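First up is the structure itself, then whatever we jot down about it.
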Amino acid sequence: MDITVKDLGAGVAVLQLDGRLNMVTASCLRDHVGSAVASGQNRIAVDLAGIDFIDSSGLGALINGLKTARQAGGDLRIAAPNDQVKLVLQLTNMERLLTAYDSAETAFIDG
Amino acid sequence: MAETRVHTLSMFAPPDDVDTVHNMLESVWSSAPQISMRDRVSFETALIELASNVIRHADGGGGVSCALTVEITADRIVGSLTDSGLAGNISLVAPSMPGELEESGRGLSIIHALVDEVDYDRCDDLNHWRISRKLES
């Protein structure tokens, strides 16, 4: 999995993910969220448009990132999940905690 | 009568990992275009959760050897995984989902939600797992 970080200003970082978010790559996402938050970007938008598969390890990494961002006074939001990601979110009752936005760039447009 | 197709994979983790299973499934799906996208997504998600659990929990330190078979019949897709690791810990009853801020503990619930049968047997120091999903008609 590849991760590209874009700084949108105002403490917002977009993490653009590409590949599979699973037990092999989950720690990579945790590290990137931790680095972004440590550098003052506590509002994290995770762009899942390039993710074709997620498992429970990947879901755990998103929850870890959400907690990290919230502990710093921010938040983590996800955008553009495919049908497989939506299925996993639905089966695990995570659709409320990890509400999916249409676009990562506009996930924090309401603040 | 429809033909039964069997795909096999031998792996040793590490260095193999769940991406090895993903790659095997890519060839399975390309040879079975009759299987719906929902069946593919559901079975692959369940099988990857099973393989992840085996790799994470069955490795006692020296790696784990796995033999995976995926069998497609007229109405079912069946995954059979045999591993050389520690005795398995997968509940044959669907566990409840953990609290929403917990970072782990959802894999088994996902497996049970996506397949019709989950079987486990320990024999000759090997774990034998089997998951089966009835295909959409």
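The values are calculated or read from the model by the stated rules, or taken from the named source; none is laboratory data. Source: prediction; values computed, not measured. Every residue, glycine among them, receives a Cβ derived from its backbone with ideal geometry; neighbour counts consider all protein chains shown.
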Which residue pairs have Cβ atoms under 8 Å apart, sit 6 or more places apart or on different chains, and have a first residue in segment B:5-21 that is away from chain A (no Cβ under 14 Å) and a second that is part of a loop (DSSP other than H, G, I, E, B) and surrounded by fewer than 18 Cβ atoms within 10 Å (Cβ to Cβ)?
-> B:ARG5/B:SER31; B:ARG5/B:ALA32; B:HIS7/B:SER31; B:PHE12/B:GLY63
Looking at (1) surrounded by fewer than 16 Cβ atoms within 10 Å (Cβ to Cβ); (2) at pLDDT 90 or above, can you tell me which one B:VAL18 breaks?
-> (1)
Can you tell me which residue in segment B:72-87 is surrounded by the most Cβ atoms within 10 Å (Cβ to Cβ), limited to those that are part of a loop (DSSP other than H, G, I, E, B) and of a type in the set (S, T, N, Q)?
-> B:SER84
Looking at B:LEU9, is it buried (at least 18 other Cβ atoms within 10 Å of the Cβ), out of contact with any Lys or Arg (no Cβ under 7 Å at 6 or more places or on another chain) and part of a strand (DSSP E or B)?
-> yes
Does any residue of segment B:93-101 turn out to be away from every other protein chain (no Cβ under 14 Å), farther than 16 Å from B:VAL18 by Cβ and of a type in the set (Val, Ile, Thr)?
-> yes
